[in-house]
Amino acid sequence: MLEMLSCREGVYGGWKTAIEYLPKIGVRGIELDDYPPDELMRAAAACRARGIDPMTIAGGVDTDSPDSVARVKDRCKAASDAGIRCYFLSANGKDRPAAMRTLAALGDHAASFGVTLSLETHPPFCANAAEMLRTIAEIDHPNVRINFDTANVLFYNHGLNSADELAKVVHNVASLHMKDTTGGYHSFDFPVLGE
């Protein structure tokens, strides 16, 4: 069930521009970058002052890097302090078993702040439904879910259909990036939605 439509700030070159245009197109939610805590609080407050609800923060984690993991922990608290409950993460790491343990531990940390981590449709852990299901099963944490990206399924795979893949994982999806594509494998052609 669609709860709220939001837009990534990067579509408009940053949140300051986005909050000028989003109300004009009827969008009342925004996905902010995972800024340092003070900056995130300022951005969230400015968005809310314009009637835009910060729904998600967006970032990444290299599970092999203690600094990257520490940054995500810091941003979980910042998100919670800013009233944001979903943290979109593009996750990577070379040691899969260690990565799954790290992501589960991050799930514990996120849960302590009322935040859900939403793993992006990217390799090495979530490029398609089969990988998403494997990853979610291995992490086995209610606060680690999927961010399903309709175009990335086609970008990273041959012969898959986004709707079919979504149907397989929908019960694990915390957020969705709806993005258009010409459908080519490794094609960076992501046109304006609907064109």
(request) Quick one: of K94/K179; K16/K77; K24/K73, which pairs are farther than 25 Å apart, Cα to Cα? (result) K94/K179; K24/K73
(request) Any chance you could run the full-extension gain for Y21 through R101? It's 0.36 nm times the residue separation minus the Cα-Cα distance, nm to one decimal. (result) 24.7 nm
(request) Residues in segment 115-133, backbone N under 12 Å from the label point at N161 (7 Å along the Cα-to-beta-carbon vector): list them, ranges by number please. (result) none
(message) Quick check for me: using +1 on Lys/Arg Cβ and -1 on Asp/Glu Cβ, what's the dipole size of segment 1-91 about its Cα centre, in debye to the nearest 20?
(response) 400 debye
(message) Skipping prolines and chain starts, which residues have an amide H placed within reach, meaning under 5 Å, of the one on H177, given they are 5 or more residues away or on another chain?
(response) F148, D149, T150
(message) To the nearest 20 Debye, how big is the dipole of the chain about its Cα centre, given +1 on the beta carbon of each Lys and Arg and -1 on that of each Asp and Glu?
(response) 380 debye
(request) Give the distance, in whole Å, between the Cα centre of segment 140-177 and the Cα centre of segment 94-120. (result) 17 Å
(request) Taking only Cα atoms and a 10 Å spring cutoff, compute GNM fluctuations for the chain and point out the largest among G29, G184, G83. (result) G184
(request) Would you pull out the residues with amide H under 5 Å of T63's amide H, same chain only if 5 or more places away, H placed 1.01 Å from N? (result) N92, G93
(request) Convert each backbone phi in segment 74-84 into a coupling constant with the Karplus relation 6.51 cos²θ - 1.76 cosθ + 1.60 (shift: θ = phi - 60°), then list the ³J(HN,Hα) values in order as whole Hz, x for Gly and Pro. (result) 4, 6, 4, 5, 4, 4, 4, 4, 8, x, 9
(request) Scan around R8 for amide H atoms under 5 Å from its own, H built in the peptide plane at 1.01 Å from N, and keep only partners 5 or more places away or cross-chain. (result) E31
(request) Select from P23, S80, M41 the residue farthest towards the positive end of the dipole of segment 6-149; place +1 on Cβ of Lys and Arg, -1 on Cβ of Asp and Glu, and compute about the Cα centre. (result) P23
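Read the figures in this text as sums done on the coordinates, not as results from a lab. Model, not experiment: these values are computed from the prediction. Please note: Cβ atoms are built from the backbone with ideal geometry, for glycine as well, and neighbour counts cover all protein chains shown.
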